[in-house]
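Below is one structure, written out as structure tokens; comments come after it.
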Amino acid sequence: MNITVWGINYAPELTGIAPYNTALCEFLRQRGHTVRMVTSFAYYPAWQKAAADGGQLYRDDVVEGVPVHRCWHYVPARPGTLRRILHEGSFVASSLLRLLRLPRPDVFVVVSPPLLLGAAAWLLTRVKPAPVVFHVQDLQPDAALGLGMLKPGWFMRLLYALEAFAYARAARVSVISGGMLRALATKGVPAAKLISFPNGVTLPATLPARGAFRARHGLRTDDFVAVYSGNLGVKQGLEILTDAAALAPHPRLQLVICGDGAMRLRLEERIRTQRLTNVRLLPLQSEAHYLELLVDADLTLVTQQTGTGAFFFPSKLLRSLALARPVLTVADADSELARALLDGGFGVNVPPDSAAELARTLAAFAEEPERLAGYGAAGRRYVAPFEQAEVFQEFTRHLDTLAVGDEVRGKRASEALG
């Protein structure tokens, strides 16, 4: 097959959607397919391009054998609502123009967000006909409404209309969780059009020895280390972590927050003003150092802002579970995250805005290593169906069905004309 993947995030970005887009393209290439990626210049989660990328309109790279076509986009230093709209719109426009000059594939895989890529894909296929799989990583309008970033009104109605248009025009719509499948069904997307395509996980062939991360950052062997790693954004609701740390729940507790994003400066200020000596705020870690971090963690943390848990699923959870790390989640009880934890039995959930309860839970966990070991073992069992190669292989079968169907339809049309 000849496949074009179109999305705003790709390597060398280390977190968010980029690792999954990258892994998909590399998997398809390794299986003998022709694949190209149309994406932006790397900017996430720091919301800043590298100096060398700043003035470039387009650039063609090759990353691990995959042709990567990078397109200019506006990156705001402080991504408020209007700036995010301009940011996404600029990428949609510049990448659409680039795609018009690229060969027509057998199938397009279009990754949302940005939501507007759905309409742009339909426009593109008027010129370069091919089936579109619209892959939804985040129910963007619902999340914006749930976070209070947008209010009900004409603009929300426009977003929901764009969403419905994208779903209706796509040959298939894929999502990353069961809750999102249910949500799209309620939005009227036919079941025959829906594909379950969860973000997968791969166990590394070897793991680093315990102690490397602790030694590098001055953590003692008997410290109880709780770790959050990833995007430091609004929808993660990370203030609860510093509030819980300020309550000094346990003398051996050390909270490690690794990442970058829109909330980093605010977290730095809170750590400073609350005079927290049991919190370390570190940059996003490289893959090797991230593995060391997980191996040395006693507990991993996954947080969500209240009101958002039905609209996205934090796939960072899977890496922790794959390494048998117990998990403490902060999420609404009816969120996808809390439901997964309940189903898998791999940790405990605390409601958002309950810093005192979070502090008490952390203190209890510091004294219950056997309980944590049980959660870790349960998580390892839960994550088994998410093995990345199997997930990608199943998704590839859907792509193949679409590509073959499109080819057959094309031949029949040619025969009719002949």
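What follows draws every value from the coordinates through simple rules; no lab data is involved. On a predicted model such as this, the values are computed, not experimentally measured, just so you know. Don't worry about glycine lacking a Cβ; one is built from the backbone with ideal geometry, like all the others, and counts go over all protein chains shown.
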**Net length gained if the chain between ASP222 and THR34 were fully extended (0.36 nm per residue, minus Cα distance)** = 62.6 nm
**Fill in**
Applied in sequence order to segment 33-47, the curve 6.51 cos²θ - 1.76 cosθ + 1.60 (Karplus, θ = phi - 60°) yields integer Hz couplings, x standing for Gly and Pro, of 7, 8, 9, 9, 10, 10, 8, 9, 6, 4, 8, 9, x, 6, 6
**Simple spin-label estimate for LEU342 and ALA377 in nanometres, 7 Å along Cα-Cβ** = 2.5
**Prompt:** How far, in nm, would the chain grow between ALA364 and ASP334 when pulled straight, counting 0.36 nm per residue and subtracting the alpha carbon separation?
**Reply:** 8.4 nm
**Complete:** The helix 154-169 Cα axis meets the longest alpha-carbon principal axis of the chain at an angle in degrees, between 0 and 90 and rounded to 10, of 60
**Prompt:** In deg cm²/dmol and to the nearest 500, what is the mean residue ellipticity at 222 nm of the chain if only DSSP H runs of at least 4 residues count, each as -39500 (n - 2.57), divided by the residue total?
**Reply:** -13500 deg cm²/dmol
**Prompt:** Measuring from label point to label point, each 7 Å out along Cα→Cβ, what is the GLU64 to ARG78 span in nm?
**Reply:** 3.7
**Asked** What number comes out for the charge environment of ARG59, summing +1 per Lys or Arg and -1 per Asp or Glu over other residues with Cβ under 10 Å away?
**Response** -2
**Per-peptide average of other Cβ atoms within 10 Å, ordering 61-74, 21-34 highest first** = 21-34, 61-74
**Item:** Mean Cβ count within 10 Å, highest first, over the residues of peptides 291-299, 372-380
**Value:** 291-299, 372-380
**Net charge of Cβ neighbours under 12 Å - reference LEU301; Lys, Arg +1; Asp, Glu -1** = +1
**Message:** Could you give the length gained by full extension between ALA93 and MET149, i.e. 0.36 nm per residue of separation minus their alpha carbon distance, to one decimal place?
**Reply:** 17.8 nm
**Asked** In percent, what relative contact order does the chain have, based on Cα pairs under 8 Å that are 6 or more apart in sequence?
**Response** 14
**Asked** Of ALA185, LEU117, ALA215, which is farthest on the positive side of the dipole of the chain, counting Cα position, with +1 on Lys and Arg Cβ, -1 on Asp and Glu Cβ, and the Cα centre as origin?
**Response** LEU117
**Fill in**
Each label sits 7 Å from Cα toward the beta-carbon; between ARG275 and ASP400 the label points are separated, in nm, by 6.5
**Asked** What FRET efficiency do you get for SER286 and TYR160 if R0 is 51 Å and r is their Cβ-Cβ distance, rounded to the nearest 0.05?
**Response** 0.80
**Prompt:** How high is the relative contact order of segment 212-385, given as a whole-number percent (alpha carbon pairs under 8 Å, six or more residues apart)?
**Reply:** 24
**Prompt:** For the residues SER40, SER90, SER315, what sequence is obtained by ranking on other C-beta atoms within 10 Å, fewest first?
**Reply:** SER90, SER315, SER40
**Relative contact order of segment 99-219, defined on C-alpha pairs under 8 angstrom at six or more residues apart (%)** = 22
